[in-house]
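Taking it in order: structure first as structure tokens, then the write-up.
The values are calculated or read from the model by the stated rules, or taken from the named source; none is laboratory data. All figures in this text were calculated on a predicted structure; none of them were measured in a lab. Glycine also receives a Cβ, built like all others from the backbone with ideal geometry; neighbour counts cover every protein chain displayed. Please note that ligands, DNA and RNA were not included when accessible areas were found on the heavy atoms of the full protein model with its side chains. Shrake-Rupley method; radii C 1.70, N 1.55, O 1.52, S 1.80 Å.
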Amino acid sequence: MSKQFTTLIHQHEDSIIHAWVDEMYGERRTELPAMLSYGQLVDHLSDLLAELATALDLAATESEIIETSRRLRTHPQIRFHQGALIDEVARELMIFRKVFSDFLWREGISATQGDLWELRDAHQRADHFVDELIAQAIVVYAASLRPPVETRTSVWPPPRRRRTDFQNS
């Protein structure tokens, strides 16, 4: 396995994180920067970048990307417990997509040795990866917010009523 994207992303991890943080602090549609410490805000990004780099290096298939996103399901679970709204989690992932996309188009040409088709494929994989992370957030919030449902054992078919059960009027 070539580690071209892993190396590239590792070299630029701090700048990617700082660009993402700047975008998050500038985003008015989320209050995550106000409600979380800096550490809480960024603690998931190293794992996310490592998984994404591996997916890009392996030219991961759709099913592999889905499996990777399931492993990262803890992020929306943590955000749920921190009190973040689902649209805020989606927004932070959308901002990550924008920041990473800008980074990939700017720096990825060196990782692909100038092969624009390979860079385009990596960009599509990264977009699909973020889409799957958003889907996982939806699943986590849907499962977490589902109200408990009471059930009663029902008898089916219901017992038949006899003629003697009816009173003659």
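Working only within the range 7-21, note down all residues that are in contact with a helix residue (DSSP H, G or I) (Cβ under 9 Å, 6 or more places away or on another chain) and not aromatic (F, W, Y).
Step one: filter the range 7-21 for residues in contact with a helix residue (DSSP H, G or I) (Cβ under 9 Å, 6 or more places away or on another chain), giving 7-13, 15-17, 19-21.
Answer for the range 7-21, where residues must be in contact with a helix residue (DSSP H, G or I) (Cβ under 9 Å, 6 or more places away or on another chain) and not aromatic (F, W, Y): T7, L8, I9, H10, Q11, H12, E13, S15, I16, I17, A19, V21.
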> Does any residue of the range 96-115 turn out to be more than 19 Å from D131 (Cβ to Cβ), in a helix (DSSP H, G or I), at pLDDT below 95 and of a type in the set (A, V, I, L, M)?
Replying inline: yes
>> So if I check each of L32, L52, L36, L41, which one is crowded, with 17+ Cβ neighbours inside 10 Å, under 20 Å from A126 (Cβ atoms) and among the hydrophobic types (A, V, I, L, M, F, W, C)?
In response: L52
> List pairs: first in the range 122-144 and closer than 13 Å to L52 by Cβ, second among the acidic types (D, E), Cβ under 9 Å, 6+ apart or cross-chain?
Replying inline: H128/E62; F129/E51; E132/E62
>> Suppose we filter the range 97-117 for residues that are farther than 28 Å from L36 by Cα and open to solvent by 60 Å² or more (accessible area, probe 1.4 Å); how many remain?
In response: 8
> Quick check: is even one residue across the range 19-28 farther than 28 Å from A142 by Cα, part of a helix (DSSP H, G or I) and touching a residue at least 12 places away in the same chain (Cβ under 8 Å)?
Replying inline: yes
>> Need a quick list: helices (runs of 4 or more DSSP H) entirely within the range 40-95 having at least 1 residues that are under 13 Å from F129 (Cα atoms) and either of a type outside the set (S, T, Y) or free of Cβ contacts under 8 Å to residues at least 24 places away in the same chain (or both).
In response: 45-57, 62-71
> So which residues in the range 118-147 are closer than 20 Å to E64 by Cβ and open to solvent by 80 Å² or more (accessible area, probe 1.4 Å)?
Replying inline: R120, Q124
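Among the residues of the range 72-96, which ones are of a type outside the set (A, V, I, L, M, F, W, C), within 13 Å of the chain's Cα centre (by Cα) and open to solvent by 60 Å² or more (accessible area, probe 1.4 Å)?
Step one: list which residues in the range 72-96 are of a type outside the set (A, V, I, L, M, F, W, C), which gives 73-77, 79, 81-83, 87-88, 91-92.
Now drop any that are not within 13 Å of the chain's Cα centre (by Cα), which leaves 73-77, 79, 87-88, 91-92.
Hits for the range 72-96 are R73, T74, Q77, D87.
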